[in-house]
Amino acid sequence: MSPKKTRTCVMEIDHREVSFPEGVTVLRAAELNDVYIPSLCSHKDLSPFGGCRMCIVEIESMRGYPLACSTVAAEGMKVLTDTATLREMRKEILQLILSEHPSSCLICSEETECRENQHTIRKVGVTTGCRYCPNDIQCELQEVVERTGITDIDYPIYYRGYEVEHDDPFYDRDYNICILCGRCVRMCQEVRGTSVLAFKFRGPEAQIGPAFGKSHVEAGCEFCGACVSVCPTGTLADKASKWDGEPDGIRVSTCPFCGIGCQVELHHKDGRLSKVEANLDPEINDGQLCVRGRFCMPEATHHHQRAKKPMLRRGEYFREVTWDESIDEVAGKLKGIKADEFLMVVSGDLTNEGLFAAQKFVRSALGINSIDSTARESLPGGLGLWAKLFSLSISMKGIREADCIIALGLDSRFYFSVAGVDIRRALKNGANLVTIDARDSNLASYTKHWLRPTPGKEGAVLDAIVQGIGKSNSGFKSVAKKTDVDEGLLAQAVSTLSSGENLAVVIGPTIFEYEANEELIDALTRLARRTNTTFMPLYNGANTRGAFELGVISELLPGVAKAKGKGVTLSDVIEGTATPKVLYLVGEVPFFDRPDCEYVIAQGTYYPPFEVDAFLPAASFAEAEGTLTNVEGRVQELVGIEDLPDSAVAGFARPDWLIFSRLAEKLKCSEFKYKSAKAVLKDISKTVADFPAKADRKPRRLTPKAKLPIDRHAGGSEGADPFLLVAEPAGFAHRGTDLASKVEGLEELALEEGFRLNPDDLGKLRVDSGERITVSVGKLTVTGQAKADKECPRGTVYFHRPVAYGGLEHRAELEPLYRLRKSPVKAEVARSVEKKRSTKAAPKKTAAASR
Amino acid sequence: MTKTCVDPKKARKILDRYPSGDGTSLIHALQDIQAEFGYVPCEAAELLCEHLSVPISKAFSAATFYKAFSLEPKGDVVIRVCTGTACHIRGAQTLVDELCSILNVAPGKTTKDLKFTLETVNCVGACAMAPVVSLNGEYHGNVQPGTMSKKIRGGK
C-alpha cells in the first residue's frame, strides 16, 4: 500500500490563513504552522483522547469550546486559539489538574532568590533548592504552567500518598505526580500492542498500572520504555539516570545492539552517557526502541567490571602495563607468524572501521588469511544464502507500507521490537498478517491467521503458501500432513495473501537456525522473483552484515569477493583439528575455557572468562566513533559520546582500528596511516565499490562478486525420542559478552536462561518450574534448569544458543548442546536425579579473579 | 477467604454465550460473571479475556470503573444503606455505625464468614421512606436505629 496522496486544505487560525494536509486535527494543523496550543495528553502517534482539556479553542459556527486535539480540521474553518476567555478557562482547567499534583516545582515565591543562592561556595549550610522530581527542568507540565501563566493555585492540594514503585527493573513509577493524561496507556495499547498498562479504579482513586495488582514483569511488560518517553511529568523515570537532571547535550547516534540499527538520542552529562531515548527517525524506528536500546546502553559501558587498562601476563601475575609495552609484546609475538600458527576471531559487533582494520591487519600486515568471526554462526545456511538475501529489497519502511505481511518465527517483545511495531502500524492501515510460528508469540495474538506447524517446518509452510499465492485452487493436503497445519487454514491464509499487492516477509533468527532449510531456501528463491516484495531477514549481532561485506570471514575479501589461501578457522579450533600458536580474540569469546594455545590475546571491553596472556582494552560503543551497517545496508553513524582523557578512572581504552594501526606500525606495515575513524571509512570506500566514503543512511543492495555456497539440508529430525529440542539464537550479547551479566534489569528478567517447556509437559514429567531436568540427545546428556512456558507447543524443549560465552560461565554445562549444530533434534527429557543444588549462578571464574 | 475457587465449567458456560474474539461483549460477559459468582474472580476474567481476545488490563479497567462489578467475593446478604441527602438527614449514619459495630466490618467490606457485605449507596430513589436499607435488593423503609440486628438476621 503506497502512502495515499493527501490533499492540502486551507483554514484560518488566529486570523491567519494557513494550509494543512487533509484529515489532521486542529491541534496538528496548528502545530504544523507554529501556532502553540497547550496540550498535555495529545501525542503524534496516539489516538485523540481529550483528557486534559487544555487545548480548547473557539471555532466559528461551532458551539462551546471544542478540543483542538479531537476536532478534525476542515477546509475554511476559522479557529481562535488565544482569546481572553480561553486563557481564563485554561488557567482554571490547569489549576484543577494541579490540585492533585505537588506543585513546589511549578509555583514557588522563593524561586528567584533560591536560584541565586544555590551557587554560593562556602562551608556553611546553603539553600540547595528543592529536588522532588526527577523531571525538573525537563518537564512538559512545567512548560505548560509557565506558558499558561499560573502563579497560584486556588484549590486545596490533594496528595495521593501512594508509595513510589521501585519493584520492576529499568524504571520507577511515582503515581503521586501522575496527571492521568493516559499517554502511557495508549502507547502501551495502541502502538506497542502490549496492553500492560490500563486505567484502574475511578474518581480520586483513579490510577495507572497493570491488572489485578500484578507487577510489570508478571503482566508481560516488554520494558520498551515507550511509556517513560511519552510521560509529560516525572511519574515514570529511568532508574539508571533518574536524578541526572537536565542533560548537557543530546546527540543522535545508532543503537549498537542489533542489525536493525535504530536511531537513538544519547543524553550526556559531565562527559558520560546518561540516558538513551528513541529518535523520531521516520526511516527505521520512528520513536520506538526495545529494552536493549532504551535501557541497556549506559550499564553495558559503565559496568564496574569494565576492563579499561592494557594488561600483560608476567610470570604468575597479570599486570597493568603501558600501551607501548603491550603493543611491543603483542607485535613481537605476531612478527613473521605463519598462516597455520595464528587465528584472529573478530566480533560482528565491531564498527565497520574496526572490522576493516582487523582484516587488513591480518591480510596486509601479517600477510596471512587466518581470520574468522562468529558472524558466520549468526548467518546460518551458508554465506551464499545471505549474499542472496542482502541483494534483495530489505526495508523497515517496506513493512509499514505493506498490505500483506508474513511473519515467521518472530516474537517481537524483546527481540527486534521495532519490526513488531512496524507490523502493527501496517495492521492499523488495514494490512493483513499471517504468522507462521510453532511457538506462541505476541504477533500471534493479533494476527489474522496463525499457522502453527511442528517446529522446523515453518519453511515448508512458507514454501507452500508462496506457491499458492495468486493461484485459484492449490492442494495443501500433503503439506498440511507434513507440517501438521490445518489444510483449511492454509487455504484461508493463501487467499488472504492473494488479495494484497505489496508483500513483506519478516523472518526471525530461529528459522534460519533450523538445519533442514531446503524448503525455506526454495520459498525465498520464489519470493525473490516476485515483484513488490520486501524482506526483513533478522539475525543477531549489530554489524554482522558489515562483517560479511568487509570480509572478516576467512573465505571472503572485502566486497564479498573470494579470498585466496586457506587460513585457520574458528571451527577448526573448536573441533580441535587445528591448534594455532597465537590466538587473537577481538571482542569475541567463543570458548568457555582457554583453548590449548601458546599465547592468547584478548581485545575487548570486558575480560574473557579464562586466563589470557595479553589484554588490550577496546573503546566501547559510547567511546569510539565509527559506523555500523544495518540489515538494509545503511552505513549509519555511531557517535563517540564519551571523549574523556586517559586517566585511572576513565581508563585507557582505544578504538579497535587504532590498536590495529599501532600494531601494524610496529610490524613495519606502511598501509596503516589512519588518523581518525573517518580515514578508515574512506579507505573502505576505496576498497569496496559500493561502500560510502562517509556515513550514509541510504539502503544498499549487495552485489556479490563471487558465487558463494549455500548449505542446503533436507529432511527432518530422526529418532524415536518424544521431545523436539529447538535452539533459538541468543540475542542479548554485545562484543562477546552476555548483556544480562552486565545489566541488572536484564539479569532479573532472565530471558535466555533455562530450558522452556509447556507446563503440561512439565506436569507429566513431575517437574516444577525452576527444577532441573536432564536432556539427552543421542549419547549427549546435559542437565539444566527447566522453566514453564505456555508459549511452547507440547512436546518441545526450547533453549537459547549463544555464539559467544562471555558472562555465561554459569551455563557452561550446556556447552555440548551449544556446539550441536542440528536443530530441531529429537531428545529425551527426564527429571534430573542429581541431588538438589543451588540454581544460582556458579561463582564467576574470570581472568580478573584468577589474578 | 474460602470461596475464591472458581469452577471452570461454570465460567466456560458463560463464555460460550459470546462469540470468541469479539471484544465488544466484554461488559455483558463481565456482568454475567458477576451474577454467577457474585464477583469477578481473577481466573474467570483471565478465561474471558482469552476467549474475547481482549487484554486483561482492559477487563480490569472496566471492572474497577463500574461499581456494579466487585473484584472481591460478596457476602450472602448484601446490605446497602442509603446515605443520600434525605436518608442522611433522617439518621442513615447512625444505621451505618450500628451495622459496623454489629458486623465488625467497615463499609464496603465483607464479614470474614462471607455472610454479610456492608455497602453505602448514595441514593436508592426512595427518599419518601428515608432512611432506607436494602437487603439483597429488598427495601426496608423508615428504619429505626436499634432494629438492624433483627432485620439482618431475618433477611438471612
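The values are calculated or read from the model by the stated rules, or taken from the named source; none is laboratory data. Since the structure is predicted, the reported quantities are computational estimates derived from the model, not experimental observations. Here the Cβ is made from the backbone with ideal geometry for all residues, glycine too, and neighbour counts use every protein chain on show.
Here the range A:174-209 is the region considered, the condition is being closer than 24 Å to A:LYS428 by Cβ, basic (Lys, Arg) and in contact with a helix residue (DSSP H, G or I) (Cβ under 8 Å, 6 or more places away or on another chain), and the residue that is farthest from the other protein chains (Cβ to nearest Cβ) is A:ARG183.
Looking only at the range B:27-45, filter to residues that are out of contact with any Phe, Trp or Tyr (no Cβ under 9 Å at 6 or more places or on another chain) and surrounded by fewer than 20 Cβ atoms within 10 Å (Cβ to Cβ); which one of those is nearest to A:TYR446 (Cα to Cα)? Residue satisfying both the conditions and the ranking: B:GLU43.
A:ALA307 - would you say it is in contact with a strand residue (DSSP E or B) (Cβ under 7 Å, 6 or more places away or on another chain) and small (Gly, Ala, Ser)? So A:ALA307 passes the test.
Within the range B:39-75, being touching a residue at least 24 places away in the same chain (Cβ under 8 Å) and of a type in the set (Lys, Arg) holds for B:LYS58, B:LYS74.
Candidates in the range A:557-586 are the residues that are of a type in the set (D, E, K, R) and surrounded by fewer than 17 Cβ atoms within 10 Å (Cβ to Cβ); of these, the one that is farthest from A:LEU389 (Cα to Cα) is A:LYS581.
Counted as qualifying within the range A:315-400 are no helices (runs of 4 or more DSSP H), as none has 3 or more residues that are among the polar types (S, T, N, Q), modelled with pLDDT of 95 or more and surrounded by 17 or more Cβ atoms within 10 Å (Cβ to Cβ). Among the candidates A:GLU222, A:GLU163, A:GLU218, the residue that is modelled with pLDDT of 90 or more, under 24 Å from A:GLY293 (Cα atoms) and surrounded by fewer than 19 Cβ atoms within 10 Å (Cβ to Cβ) is uniquely A:GLU218. Within the range A:708-744, the set of residues being more than 30 Å from A:ASP522 (Cβ to Cβ) and within 15 Å of the chain's Cα centre (by Cα) comprises A:PHE732, A:ALA733, A:HIS734, A:ARG735, A:ASP738, A:LEU739, A:ALA740, A:VAL743.
Within the range A:242-275, being without any contact (Cβ under 8 Å) to a residue 40 or more places away in the chain, of a type outside the set (A, V, I, L, M, F, W, C) and part of a strand (DSSP E or B) holds for A:GLY249, A:GLU265, A:HIS267, A:LYS269, A:SER274, A:LYS275. Listed residues B:ALA68, B:ALA92; which is within 13 Å of another protein chain (Cβ to nearest Cβ) and within 17 Å of B:LEU135 (Cα to Cα)? None of the others qualify; the one that does is B:ALA68.
Evaluation of A:SER769 against the conditions (1) outside any helix (DSSP H, G or I); (2) among the small types (Gly, Ala, Ser); (3) within 27 Å of the chain's Cα centre (by Cα) shows that the sole unmet condition is (3).
In the set (1) under 23 Å from A:ALA206 (Cα atoms); (2) away from chain A (no Cβ under 14 Å), B:GLY38 fails one condition alone, (1).
If you take the residues in the range A:210-225 that are in contact (Cβ under 8 Å) with a residue 24 or more places away in the chain and touching a Ser or Thr at 6+ places or on another chain (Cβ under 9 Å), which one is farthest from the other protein chains (Cβ to nearest Cβ)? Out of the qualifying residues, it is A:CYS224. Of everything listed in (1) of a type in the set (Phe, Trp, Tyr); (2) surrounded by fewer than 22 Cβ atoms within 10 Å (Cβ to Cβ); (3) closer than 27 Å to A:SER395 by Cα, the single unmet condition for A:PHE257 is (2).
In the set A:LEU638, A:LEU663, only one residue is in the same structural domain as A:PRO617 (by TED's automatic domain parsing) and more than 24 Å from A:GLU329 (Cα to Cα); that residue is A:LEU638.
Scanning the range A:674-728 for residues that are under 22 Å from A:ILE511 (Cα atoms), of a type in the set (Gly, Ala, Ser) and surrounded by 15 or more Cβ atoms within 10 Å (Cβ to Cβ) yields A:GLY716, A:SER717, A:ALA727. Apart from one condition, B:CYS82 fits all of (1) touching a residue at least 24 places away in the same chain (Cβ under 8 Å); (2) more than 14 Å from chain A (Cβ to nearest Cβ); (3) surrounded by fewer than 21 Cβ atoms within 10 Å (Cβ to Cβ); the exception is (3).
Residue check: is A:LYS564 in contact with a helix residue (DSSP H, G or I) (Cβ under 6 Å, 6 or more places away or on another chain) and among the basic types (Lys, Arg)? So A:LYS564 fails the test. One residue stands out among those in the range B:136-150 that are touching a strand residue (DSSP E or B) at 6+ places or on another chain (Cβ under 6 Å) and of a type outside the set (S, T, N, Q): the one that is surrounded by the most Cβ atoms within 10 Å (Cβ to Cβ), which is B:VAL143. Taking the range A:587-603 as the range and being within 28 Å of the chain's Cα centre (by Cα) and at pLDDT 95 or above as the test, the residues that pass are A:ALA602, A:GLN603. Among the residues of the range A:658-672, those identified as touching a Lys or Arg at 6+ places or on another chain (Cβ under 9 Å) and either in a helix (DSSP H, G or I) or among the aliphatic types (A, V, I, L, M) (or both) are A:PHE660, A:SER661, A:ARG662, A:ALA664, A:GLU665, A:LYS666, A:LEU667. Just one of the listed residues (B:THR85, B:THR94) is over 29 Å from B:ASP113 (Cβ atoms), out of contact with any Asp or Glu (no Cβ under 7 Å at 6 or more places or on another chain) and modelled with pLDDT of 90 or more, namely B:THR85.
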